[in-house]
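One structure below.
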Amino acid sequence: DAHTSNLTQAIAAHYLSLNRLEGALAVVRKTYAERARVMAQALSRELGDAIEFNQPQGGMFFWARLTGAEGKNQLAADVAKRAIAQGVAFVPGAPFFAHDPDLSSLRLSFATVGVEKIEEGIGRLAQAL
C-alpha cells in the first residue's frame, strides 16, 4: 500500500497479530444482520408497494427501486431532496450504473445507525414520498 501511512499500517498489523479479528467480525455480522432485518421490515411496513428491494446477504447496504406505486414519485433524485428536508438521506443509485442508469434506484445504508434510528429514518423516507 503506497498511500496509507506507515503508522496506520503498523497499527493494523499489530491488531491482526493479536488474533482478535474473528471475534470482532462475529459481533459486526450479528449487528449488521439485525439492522438489515429491521430495515427490511420497516421498508415493507412504511413504503409497501412503493419500493422493491432484495434482502442483502452481506455488506452494509440495501439496493432498492422506487416503483411509483400508489402515485408515489419514482425518481430517486427528486425523493432524495425531499428526504433531506425530512431529516434523512440516501444515495440515488443512478451514479453507480456504467450506462443506462435506473433513475428510480437508490442505496440505503444500515451500517452506521442503530435499529431505533433505522425505524425513524424509514418513517421519514416514507413521508418524503
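The values are calculated or read from the model by the stated rules, or taken from the named source; none is laboratory data. In this text, all values refer to a predicted model and were calculated from it rather than measured experimentally. Quick reminder, even Gly has a Cβ in these numbers, built from the backbone with ideal geometry, and neighbours come from all protein chains shown. Protein only, heavy atoms only, side chains kept; ligands, DNA and RNA dropped before computing areas. Shrake-Rupley method; radii C 1.70, N 1.55, O 1.52, S 1.80 Å.
Looking at region 1-57, which of the residues that are in contact (Cβ under 8 Å) with a residue 12 or more places away in the chain and not in a helix (DSSP H, G or I) is most open to solvent (accessible area, probe 1.4 Å)?
GLU52
Considering only region 99-111, how many residues are in contact with a Lys or Arg (Cβ under 6 Å, 6 or more places away or on another chain) and not in a loop (DSSP other than H, G, I, E, B)? Walk me through how you get there before you give the answer.
We begin by selecting, within region 99-111, every residue in contact with a Lys or Arg (Cβ under 6 Å, 6 or more places away or on another chain); these are 104-105, 110.
Checking the rest, the ones that are also not in a loop (DSSP other than H, G, I, E, B) come to 105.
Of the residues in region 99-111, 1 are in contact with a Lys or Arg (Cβ under 6 Å, 6 or more places away or on another chain) and not in a loop (DSSP other than H, G, I, E, B).
How do the pairs read when you match residues in region 77-102 that are closer than 14 Å to ARG65 by Cβ with residues anywhere that are loosely packed, with under 13 Cβ neighbours inside 10 Å, using Cβ under 8 Å and keeping only pairs 6 or more apart or on different chains?
Correct list of pairs: PRO101/PRO95.
When the residues of region 67-98 are narrowed to those that are of a type in the set (Val, Ile, Thr) and not in a helix (DSSP H, G or I), which ends up farthest from the chain's Cα centre (by Cα)?
Taking region 67-98 as the starting set, the residues that turn out to be of a type in the set (Val, Ile, Thr) are 67, 79, 84, 88, 91.
Those left that are additionally not in a helix (DSSP H, G or I): 67, 88, 91.
Details: THR67: 18, VAL88: 12, VAL91: 9 Å.
Applying the filter and picking the extreme gives THR67.
In region 99-123, which residues are of a type outside the set (Asp, Glu), open to solvent by 50 Å² or more (accessible area, probe 1.4 Å) and under 15 Å from the mean Cα position of the chain (by Cα)? Even if it seems obvious, please write down each step before you answer.
Our first condition is that a residue be of a type outside the set (Asp, Glu); within region 99-123, this holds for 99, 101, 103-115, 117-118, 121-123.
From the residues that got through so far, the ones that are open to solvent by 50 Å² or more (accessible area, probe 1.4 Å) too are 99, 101, 103, 107, 109, 112-113, 117.
Correct list: ARG107, SER109, THR112, VAL113, LYS117.
Filter region 64-77 down to residues that are over 21 Å from GLU120 (Cβ atoms) and buried (at least 16 other Cβ atoms within 10 Å of the Cβ), then give me how many there are.
Count: 2.
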